[in-house]
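Values quoted throughout were computed directly from the atomic coordinates according to the rules given, and no laboratory measurement underlies them. What you see is a predicted model, and the numbers here were worked out from it, not measured in a lab. So basically every Cβ, Gly included, is an ideal-geometry build from the backbone, and we count neighbours across all protein chains shown.
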Amino acid sequence: MNKPEKRVVDFINEHHVLTLATCTENNPWCANCFYVYLEEENCFVFTSDDTTKHVDDIQKNADVAGSVVLETSVVGKIQGIQFRGIMEKPEKELSSKTKKAYLKRFPFAVLMKTSLWILKINYIKMTDNRLGFGKKLIWEK
């Protein structure tokens with residue numbers, strides 16, 4: 001499987017909150033989610049209540065976008081990714097793998113009554129100013 005390069009994967013693994021963007025009927029929406037990244041499957045794993053706007057949106061349009069960023073005011077340290085993918089519930093053996101990975105990173109989630117979701121990534125653009133101002137790394141499935 002074609003995978004993002006190591007520095008992109010390392011950046012994703014260094015963080016734990018993504019911004020998820022959905023859109024239905026020309027009404028965009030954003031939500032912030034704690035995530036864990038499964039490198040082998042190239043997907044984000046996160047939880048969300050089935051009654052949220054973004055979960056309702058993906059029932060109509062599972063194509064989503066989002067970002068993960070490093071908060072900094074130092075221009076030379078700016079890093080972040082923007083991505084696109086498909087959001088869905090994990091099935092079969094992936095369901096137990098995602099649950100195990102998510103609870104390992106966020107053990108408090110065992111107390112929450114939410115559903116696990118995956119976001120299968122099909123495009124990533126990483127900006128990394130440490131490599132030069134405005135340097136972009138692109139990965140596409």
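Considering each residue of the range 36-59, count those that are among the hydroxyl-bearing types (Ser, Thr, Tyr) and in contact (Cβ under 8 Å) with a residue 60 or more places away in the chain, and give that number. Total satisfying the criteria: 2. I'd like the residue in the range 98-141 that is buried (at least 16 other Cβ atoms within 10 Å of the Cβ) and without any contact (Cβ under 8 Å) to a residue 60 or more places away in the chain and, out of all such residues, is farthest from the chain's Cα centre (by Cα). My answer is ASN129.
Test SER73 against the criterion of being more than 30 Å from ARG130 (Cα to Cα), among the hydroxyl-bearing types (Ser, Thr, Tyr) and more than 14 Å from the chain's Cα centre (by Cα), and give yes or no. It is false that SER73 is more than 30 Å from ARG130 (Cα to Cα), among the hydroxyl-bearing types (Ser, Thr, Tyr) and more than 14 Å from the chain's Cα centre (by Cα).
Among the residues of the range 23-54, how many are β-branched (Val, Ile, Thr), exposed (fewer than 14 other Cβ atoms within 10 Å of the Cβ) and either within 27 Å of GLU93 (Cβ to Cβ) or touching an Asp or Glu at 6+ places or on another chain (Cβ under 7 Å) (or both)? Before the answer, list the steps.
Initial filter on the range 23-54 (β-branched (Val, Ile, Thr)): 24, 36, 45, 47, 51-52.
Filter once more, keeping what is exposed (fewer than 14 other Cβ atoms within 10 Å of the Cβ): 51.
Then keep just the ones that are either within 27 Å of GLU93 (Cβ to Cβ) or touching an Asp or Glu at 6+ places or on another chain (Cβ under 7 Å) (or both); that gives none.
Adding up the residues that qualify gives 0.
Tell me yes or no: at least one residue of the range 71-82 is touching a strand residue (DSSP E or B) at 6+ places or on another chain (Cβ under 6 Å) and either free of Cβ contacts under 8 Å to residues at least 40 places away in the same chain or of a type in the set (Phe, Trp, Tyr) (or both). Checked against the condition, which is being touching a strand residue (DSSP E or B) at 6+ places or on another chain (Cβ under 6 Å) and either free of Cβ contacts under 8 Å to residues at least 40 places away in the same chain or of a type in the set (Phe, Trp, Tyr) (or both), the range 71-82 yields no hits at all.
Of the residues ASP49, ASP57, the single one that is of a type outside the set (A, V, I, L, M, F, W, C) and farther than 24 Å from LEU103 by Cα is ASP57. Annotation: THR22 fulfils all but one of (1) of a type in the set (Ser, Thr, Tyr); (2) touching a His at 6+ places or on another chain (Cβ under 9 Å); (3) in a loop (DSSP other than H, G, I, E, B); the unmet one is (3).
Any idea how many residues of the range 41-56 are within 28 Å of VAL8 (Cα to Cα) and assigned to a helix (DSSP H, G or I)?
Initial filter on the range 41-56 (within 28 Å of VAL8 (Cα to Cα)): 41-48, 54-55.
Retained after the next criterion (residues that are assigned to a helix (DSSP H, G or I)): 54-55.
Looking only at that region, the number is 2.
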